[in-house]
Amino acid sequence: MTTRLLPPEEWHKLQGYYLGSVLEHFDPMSVAILVVEDGSRIVAHWAMLSMLHVEGLWVDPKAKSRASVLLWRGMQRLVQAQKASSVITGCLSDEVRNMLQRKGAVELPSQFALPMGVN
């Protein structure tokens, strides 16, 4: 078995795997995909990506309508200024989940913070 970085021109090889279903949301300049191959067959994969993470969405219910629109547009400008087309975010309420779905968000499986330091 061999381990290698899979270049973007070979990402099509991941179709049919979970990672292949979300690749359209990743910027190839910000992603490294590591694969383990047994011959020409991919037997394992894992992606390391640099993505903007937005968090802490809150709007005062008394100012909800106008404040939500202004906040959304402002965050779009911030993200676009970073030359990003997607962000990662968490969701702790049905209200936020519904908003994310209306905006076309793609739900990812559970996420964790994984320490990778040397011990």
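Just checking, which of SER86, SER65 is out of contact with any Lys or Arg (no Cβ under 8 Å at 6 or more places or on another chain), exposed (fewer than 11 other Cβ atoms within 10 Å of the Cβ) and among the hydroxyl-bearing types (Ser, Thr, Tyr)?
Only one candidate passes the filter, namely SER65.
Could you run through the stretch 22-43 and say how many residues are modelled with pLDDT of 90 or more and loosely packed, with under 12 Cβ neighbours inside 10 Å?
Qualifying residue count, the stretch 22-43: 5.
Consider only pairs whose beta carbons are under 7 Å apart and that are at least six residues apart or on different chains; among these, list those whose first residue lies in the stretch 3-22 and is of a type in the set (Ser, Thr, Tyr) and whose second residue is surrounded by 10 or more Cβ atoms within 10 Å (Cβ to Cβ) and not in a helix (DSSP H, G or I).
Close Cβ pairs (under 7 Å, with a partner that is surrounded by 10 or more Cβ atoms within 10 Å (Cβ to Cβ) and not in a helix (DSSP H, G or I)) amount to THR3/LEU34; THR3/VAL36; TYR17/HIS45.
Mind telling me which of the residues SER30, SER21, SER40 ends up being more than 22 Å from GLN111 (Cβ to Cβ) and among the hydroxyl-bearing types (Ser, Thr, Tyr)?
After ruling out the rest, the residue left standing is SER40.
Are there any pairs, at least 6 apart or on different chains, whose C-beta atoms fall under 9 Å, with the first in the stretch 92-119 and over 21 Å from MET48 (Cβ atoms) and without any contact (Cβ under 8 Å) to a residue 60 or more places away in the chain and the second among the charged types (D, E, K, R) and assigned to a loop (DSSP other than H, G, I, E, B), and if so, which?
Pairs found: ARG97/GLU107; LEU100/GLU107; GLN101/GLU107.
The values are calculated or read from the model by the stated rules, or taken from the named source; none is laboratory data. Values in this document were obtained by computation on a predicted structure and should not be read as measured data. Here the Cβ is made from the backbone with ideal geometry for all residues, glycine too, and neighbour counts use every protein chain on show.
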